[in-house]
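Report on the structure given below.
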Amino acid sequence: MAAKQPSEKTGQGLKLLFADDEQSLQELMSLELPRLGHTVTVCPDGATAVAALEKNTYDCIIVDLDMPGLDGIGVIAKCKENSPETEAVILTGKSTLESAIAALRHGAFDYLTKPCRLVEIKALLDRVSDKLRLDKKCRALQHEVKRLEGSPELIGKSLAMQKVQILIEKVAPSEATVLVLGETGTGKELVARAIHNQSNRADAPFVAINCGALPETLIESELFGHRKGAFTGADDHRTGLFEVAAGGTIFLDEIGELPKSMQAKLLRVLESKEIRRVGENKPITIDVRVVCATHRNLPEMVVEGEFREDLMYRINSFEIKLAPLRERMEDVRSLAKHLLSRHRRPTQSKPGQSGAGQGGAVQSSEEDIAEDALQSLMGHVWPGNVRELANVIEHATILCDSGPIRAEHLPQRFDSRQLIGAARNSPGAISLRELEMQAIHEALERNDGSKPKAAEQLGVSLKTLYNKLNQANNLEKSA
């Protein structure tokens, strides 16, 4: 039988079912519960209560623990099968710990011992009403968060993306630790979310943390939590992100930036499935799936003594490598149109269009990006990968008041000669690395040598820009 949804309430009133074999209590509740603002169905036994539950959905049921035939726990079990959101309260004349525990184990919200006063029933039903209201608000917020996040759709039909999607489908149902490799801006977190959403943990939390963005002095506290007074500034108890992700997935982005001191502690956590809050000795067992990502070359870091070899093998149970955008240029067109559908505002839709689709996004059509703009996008090197493309589309959307995006709406750097097109016309072959460096040097020239501004224009982080410049310098020295 399909699960029923909780009924709508008027004000604070609840739709109640009361079941007890004592006639005096039946008469009392049929009079007093409506006076408290609730509607009530009164049943003399468990079988009658179950029959009523099959016909109607209630916000809360109040059932006697000991009834002839089907007892209160049996009624609660039947109720939870059909309507798991319905709350249950047990009435019992046995004020023993055993009866209370039995009721709570079978899904009861609380229990009352006989004889109970109306003021006690009123207070308990007020708490039930508050819980139902908060549950409803929580479900609404969860729905809104999912709507705003959107589905982690991996855009692209290139062979490289097809391979990635197959790997995700294979590894998602398992509990394997996954390492996602790829340059900055290729969509590593998107892959991690896709793994989580296709796993058995999809209904549990997905927690993402950038290991390179946390101060070394705070990263242990962020990951594992701390007790009050554990160190200077620890004014309150803090729950770590591993605990927050309990039952779900934790995504450790830029794992290559993790300090050596923390690498050993993370290895211990992955092997023992236990964490220790800072300032506490008692371990806490955790049930978390770990997905890691990095743009760094971990084997090289191991050789240089910057990363633990045992941790590298521990996090690399299953590897997924993302190709840079320049190696799957056939996906630029579909990516650009997908990104445009996210940035277009309803007010920007052209006359005759229906406006925003589900979630407030306007669906992109063939005419939304003119061919001259698409050709400019297809001719770019994309050192910042998909993140840079997203920035370019957002820039163009702001400049384009209506109609399709054209080449004139693209950032200034697209007005200069296209690097790939120039490479095709050049007498000698030019490597992708050289094309990438040309784009970086042109951005630096446009911004008078300002690396932060150049990185912003290219859609890459400042750290990535420095890494690429250092790589180029090292190659020149070794040449």
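The values are calculated or read from the model by the stated rules, or taken from the named source; none is laboratory data. Not measured: the values here are computed from a predicted model. Reconstructed Cβ throughout: ideal geometry from the backbone, glycine too, with neighbour counts over all protein chains shown.
For the reader, a short list of remarks on this structure follows.
- Residue match in segment 417-436 (condition: at pLDDT 85 or above and exposed (fewer than 13 other Cβ atoms within 10 Å of the Cβ)): no
- Residues in segment 279-305 that are among the acidic types (D, E) and modelled with pLDDT of 95 or more: none.
- Exclusive hit being in the same structural domain as S129 (by TED's automatic domain parsing), part of a strand (DSSP E or B), modelled with pLDDT of 90 or more and not basic (K, R), set V63, V75, V50: V63
- Filter result for G384 (modelled with pLDDT of 85 or more and among the small types (G, A, S)): yes
- Scanning segment 215-270 for residues that are surrounded by 14 or more Cβ atoms within 10 Å (Cβ to Cβ) and of a type in the set (S, T, Y), we see that the one that is farthest from L190 (Cα to Cα) is S221.
- Filtered by the rule that a residue be modelled with pLDDT of 95 or more and in a loop (DSSP other than H, G, I, E, B), segment 307-316 gives F307, R308.
- Only one of G256, G279, G240, G229 that is assigned by TED's automatic domain parsing to the domain that holds N200 and within 19 Å of S317 (Cα to Cα): G256
- Options R413, R333; residue that is of a type in the set (K, R), outside the structural domain of E183 (by TED's automatic domain parsing), modelled with pLDDT of 90 or more and in contact with a helix residue (DSSP H, G or I) (Cβ under 8 Å, 6 or more places away or on another chain): R333
- Residues satisfying the stated conditions in segment 199-233, i.e. touching a Lys or Arg at 6+ places or on another chain (Cβ under 8 Å), at pLDDT 85 or above and charged (D, E, K, R): R201, E220
- No other residue among D110, D59 is crowded, with 22+ Cβ neighbours inside 10 Å, acidic (D, E) and within 16 Å of K131 (Cβ to Cβ) apart from D59.
- Number of the exception - I320 against (1) at pLDDT 90 or above; (2) of a type outside the set (G, A, S); (3) in a loop (DSSP other than H, G, I, E, B): (3)
- Odd one out for R238 among (1) closer than 29 Å to A160 by Cα; (2) modelled with pLDDT under 90: (1)
- When V171, V207 are checked against the criterion of being over 22 Å from T464 (Cβ atoms) and touching a Phe, Trp or Tyr at 6+ places or on another chain (Cβ under 6 Å), V171 stands alone in meeting it.
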